[in-house]
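Colleague: First the structure, then my questions, so here it is.
Read-outs throughout are calculated quantities, based only on the coordinates presented, and are distinct from any laboratory measurement. Predicted model, so just to flag it, every value in this text is computed and none were measured. Don't worry about glycine lacking a Cβ; one is built from the backbone with ideal geometry, like all the others, and counts go over all protein chains shown.
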């Protein structure tokens, strides 16, 4: 009898406990709070995952992540994530129970040079079970101390790590668990959850609704704070980062990671209606297929393409967008009128009318000028003959109204001309083209290419002639297929080539850092970004291609240039004749009357007279002690007459007639 009473008593207690759980987990009023409401408003990045454990496993096991972890700098950046990963690995069963619950991770600047990471995990109704808080004690050992304090009527748990002398701060806010190694972020979360900022921002909500939920994780970028984040890595302001911070509002991406560790992110971006005339104009002007890769060299480090139904339509929208800023618009109109009145040209007829559906900026690895980046502006034409006729008319007017006496230079059957209109492209297209001041230009098929450096144009002509262009690069073709053929904005970067460009221009300390981290930079050899208009937003696509660093180095187009020595002469006559085989020169000023080059000690190495950028006149070369070595004459770039070679004592050694 007693046994039956004990049995029924225990059964009754069990039924009461089950009923309590049902009430807690099913029948009690829903007071769930959205995770996004707890994220402090100054988040630069927000990462969201519905399956955090599964997603983290996929990322942490990828080749790219494993490779990056070998880099000390990257490991430092991900230190807080690694700490959470350690807790996960030690308590795998607990986190498996949490999987399927939304996890948010956000990045915040907490000082000028430091950032903090903030976590929000949606526990749903299990947050009401006090057992969960109690379970936290099982995560701790003698290396940790758990303490509690109240902040604005909310309990904060502090877990102090004696070994690393760091504290993780946790708090249960309704159904959410918030955590960070930065106490101010947890406190900021508690302060704002009654009146959330980011989660109720209409621009964020607009993007949040459009981003898909089927992939690895989602990432949101708040551009208001991007400039502050950039300052952590560089004290030198970046014009590009500043523009992006002021002209974009939010981007949201749904990320996926394939077996080769290539990252693909699909999403949407909204723009400021106040600051960015270009993007507003692009948003209204349609898209175009990219064709400039047919003349862009393989060694292009950066290709920025703007596409539209027609340039005339884009330019009309660009002008209308500027009208919102009265002062800026008046300055723009005054600049256009000044050029038109002085040269007696019509900007609409002589320029805008023949520009087609794509323009692009190219940054190219210089094949001629070591340590310099080649920049070029490419304009696709609607009609090549019409473009040439209008540009010829403009050149004719420049010669009439200015003292410039420049003749066209022929290079491999392509004319190179000089557009001597100071700041023309800045007036026409805005500040992002202010680097093109009095540029040289040439025409290749249906494209007109402008650059401040005529050698850049020569290099583009060389690559087009030998078909060493992006359109013949299998790497580019395969990568480009990941994107829509038509877009409003497309940015492509060849990272190994871009690395070489940055290295060539960097100072000593920066070069040291670049060398140290080269393998962790070029392992992502291609990065692309695309914007395509959709309603009032831009549909956005980001692709980051990962490749084993040794495979990248084996690519011929990424390898350092190897200087091929000339074949050795077989007899004395050939040896002495080879003395007169002079290296080409690349003057950057095609109006210059002479070109000279010095030895490293500052003494003159050679000097040659020029005409229209070609060697034309007397040539004299010297030994480092100052005595004459070679002398002769050029005519239109060709050696003519009798050339003489002397030894360092001044004795004539050899003569040759050209």
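Colleague: With labels modelled as points extended 7 Å from the Cα through the Cβ direction, what inter-label distance (nm, one decimal) is found for residue 437 paired with residue 515?
Modeller: Going by the 7 Å Cα→Cβ label model, 3.5 nm.
Colleague: Once the Cβ-Cβ distance between residue 467 and residue 197 is put in as r, and R0 is 45 Å, what FRET efficiency do you end up with, to the nearest 0.05?
Modeller: The value I calculate is 0.25.
Colleague: If you don't mind, another one. Using the beta-carbon distance between residue 184 and residue 143 and R0 = 25 Å, what value does 1/(1 + (r/R0)^6) give for FRET efficiency, to the nearest 0.05?
Modeller: 0.50
Colleague: Which parts of segment 542-556 would a label at residue 66 reach, counting a residue when its backbone N lies under 15 Å from a point 7 Å out along Cα-to-Cβ?
Modeller: Residues 547-550 fall inside that zone.
Colleague: Round to the nearest 0.05 the FRET efficiency obtained for residue 401 and residue 588 when R0 = 30 Å and r is the Cβ-Cβ distance.
Modeller: Working: r = 25 Å, r/R0 = 0.82.
With R0 = 30 Å, the Cβ-Cβ based efficiency is 0.75.
Colleague: Taking 0.36 nm per intervening residue step and subtracting the Cα-Cα distance, what contour gain separates residue 112 from residue 209 on full extension?
Modeller: 31.7 nm
Colleague: Run the numbers for residue 445 and residue 392: contour at 0.36 nm per residue of separation, minus the present Cα-Cα distance, in nm.
Modeller: Details: separation 53, 0.36 × 53 = 19.08 nm, distance 1.60 nm.
Difference between extended and current length: 17.5 nm.
Colleague: Let me ask something else about it. For the residue pair residue 336 and residue 607, what label-to-label distance in nm results when each label sits 7 Å from Cα along the Cα-to-beta-carbon direction?
Modeller: With each label placed 7 Å out from Cα toward Cβ, I get 4.8 nm.
Colleague: Follow-up question, since we're still on this one. Once you have a ≥ b ≥ c as the square roots of the Cα gyration tensor eigenvalues for segment 613-658, tell me rounded if a/c is under 1.5, and otherwise prolate or oblate according to whether a/b is larger than b/c.
Modeller: oblate
Colleague: May I ask for the distance between the Cα centers of segment 281-315 and segment 505-527, given as a whole number of Å?
Modeller: First find each Cα centre; the distance between them is then 29 Å.
Colleague: Sticking with this structure for a sec: State, to one decimal in nm, how far the label point of residue 54 lies from the label point of residue 651, with both points 7 Å from Cα in the Cβ direction.
Modeller: My value for the distance between the label points is 8.7 nm.
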